[in-house]
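The values are calculated or read from the model by the stated rules, or taken from the named source; none is laboratory data. Being a predicted model, the structure only gives us computed values, none of them experimental. Don't worry about glycine lacking a Cβ; one is built from the backbone with ideal geometry, like all the others, and counts go over all protein chains shown. The accessibility values were calculated without ligands, DNA or RNA, using every heavy atom of the protein model including side chains. Shrake-Rupley method; radii C 1.70, N 1.55, O 1.52, S 1.80 Å.
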Amino acid sequence: MIGHGFMGAAHSQGWRTAPRFFDLPAEPVMQLIVGRTGIEASADKLGWPETATDWREAIARDDIDIIDIVTPGDSHAEIAIAALEAGKHVLCEKPLANTAEEADAMASAAERAAAKGVFAMTGFTYRRVPATALARDMVAAGKVGAIHSVRASYLQDWLTDPEAPYTWRSQKELAGSGALGDIGAHAIDLAQFVTGMRLASVSGTIETITKKRPIPGKPGEYGDVTVDDLALFSGRFENGVLAQFEASRFSTGRKNALRLEVSGDRGAIAFDLEDLNFLEYYDATAPVEQQGFTRIMVTEPQHPYVAAWWPAGHMLGYEHGFSNQVRDFVTGIVESVQPTPSFADGAQVQHVLSAIESSSSNGSAWTVIDQ
C-alpha cells in the first residue's frame, strides 16, 4: 500500500478484515507499506510488517502482486501506470487522477494490462454499502419504473472554520480539486451506479469560500486556497433525464451526508450515508391508503454483502465497505473478471468533473462531457 493517512487506515482495515469474514478465492497478505514520513508508526498501528519510503521499491519486488494507492491525486497516474506496466494489479483511490488527461492515460494502461490478465479498479467504496447495492438492484428490477429525476448531494462541514489548517487538500496542484473531486465524485459515481445511466452534459458553478488558511507550524503565515469549497451543478443523462447535485465542505452540521434520491413513475428510493443501514422505498403502485416511504433495514443475509457479517439488525458501519471492496477486487483478480468500477469508469467520472469546472469558468454554460 502506497500512502498511509486517513484512507491508508481505511484500506488497511479492509485488507486485514476481509479474509476473516469472506471465503475469498485467495488470501491477500499485507506485506509492505510506503510513505515518506512517519511510516514506521503507521506500519505498527495498521498491521504492515515492512516499510519503504520509495514507491518504486514496491513495484520492483517480485513478491508484491497488488499495489493499493491511497496517496494525494498528483501521484496517482505515475504510480498506477508504472505498477500496471510491471504486471501488478492496482487498486486506486478516487478521484482517479487530478486531470482528465491523466485519468485517460491510466485507463489506457489498465486496458493494456487487462489484456494480459492484470486488473485495475477505482476505489468508489460507497458502491459497496449494502443499501446502495440494494438500491442498484431495485432500480434495475424496475421498482421505481421509468426514472424521472435524480438528486444527489454530499455535504460536510469540516472546513467551516476559517482557521482550519492549510493542507494538501487546499492545493490544486496536489488535490486536483476541492469538494468537487473529493466528495462530489462520490455523488456522481453513486448516481450513475444506482441508475445505470451515464451523464452526458452538465451546468455548474464552483466557489472557494475561504481564500486563505493558516499554514501549520508557521504562525501568522497563510496559504492560498486554490480549490473549491462548494460545487452546485445540474446534469443531464444520456437518455435526457435531469439530475441535481451539490458537494460542499461548508454545510454546517452535516458530517458525512451523502444523499441520493431517484424518482420514477412507479416509485422512488432514497439513501443517506449518515443512516447507512437503511434504504427508503416508496411504492407508487400500492393502494393510495398504503402509500408512503418505507424504511428497509438492509441487514438481512439476503442483502448484498451482509451474509458474511453479523445477524440481522446488527448494524454495519463505514469501515465495512472497504472489506467488501477487497472481497470484490480479489475475487475479480482470481477469476480473471474485470473488477468494477474499472479505471475506465474512474476516468469517465474525471471527465464529468472536468466538464463541471469548464462550465463554471464559462458562466455555468451547459457543457458536453467528453466520453
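List of remarks:
- Using 0.36 nm per residue and subtracting the Cα-Cα separation, the extra length available between A115 and L24 on full extension is 30.4 nm.
- Entry comment: accessible area of the chain is 43 Å² per residue, from protein heavy atoms only and a probe of 1.4 Å.
- For I147, the solvent-accessible surface with a 1.4 Å probe is about 30 Å², rounded to the nearest 10.
- Accessible area of D63 (1.4 Å probe, protein heavy atoms only, ligands and nucleic acids ignored): about 90 Å².
- For K116, a cut-off of 20 angstrom between C-alpha atoms picks up these lysines, skipping any fewer than 8 places away in its own chain: K88.
- For the stretch 6-126, size of Cβ-based charge dipole, Lys and Arg +1, Asp and Glu -1, in debye: 260 debye
- Relative contact order (%) - criterion: Cα under 8 Å, at least six apart; region: the stretch 6-126: 18 percent
- Listed residues G14, T71, L84: farthest to the positive end of the dipole of the stretch 6-126 (Cβ charges): G14
- Protein accessible area in the chain, 1.4 Å probe - carbon and sulfur %: 51 percent
- Residue order for I67, I215 - accessible surface, 1.4 angstrom probe, largest first: I215, I67
- Within the straight-line cut-off of under 20 Å between alpha carbons, the aspartates and glutamates reachable from K143 are E261, D265, D272, E280, D283, E289, E300, sequence neighbours fewer than 8 places apart in one chain being disregarded.
- Among the GluC sites (Glu not before Pro) in the stretch 155-231, those placed in a DSSP loop whose Cβ has at most 16 other Cβ atoms within 10 Å are E163, E221.
- Heavy-atom accessible area with a 1.4 Å probe sorts R254, R56, largest first, into R56, R254.
- Given +1 at the Cβ of Lys and Arg, -1 at the Cβ of Asp and Glu and no other charges, the dipole of the chain around its Cα centre is 400 debye to the nearest 20.
- Sites counted here are chymotrypsin sites (Phe, Trp or Tyr not before Pro) in a DSSP loop (not H, G, I, E or B) having no more than 16 other Cβ atoms within 10 Å; the longest part of the chain that contains none of them is 1-157.
- Candidate values [x] 26.1, 81; [y] 21.4, 70; [z] 20.6, 66 were compared with Rg and Dmax of the Cα atoms in Å computed on the shown model; the agreeing label is [z].
- Residue-averaged 222 nm ellipticity for the chain, from DSSP H runs of 4+ at -39500 (n - 2.57), nearest 500: -9500 deg cm²/dmol
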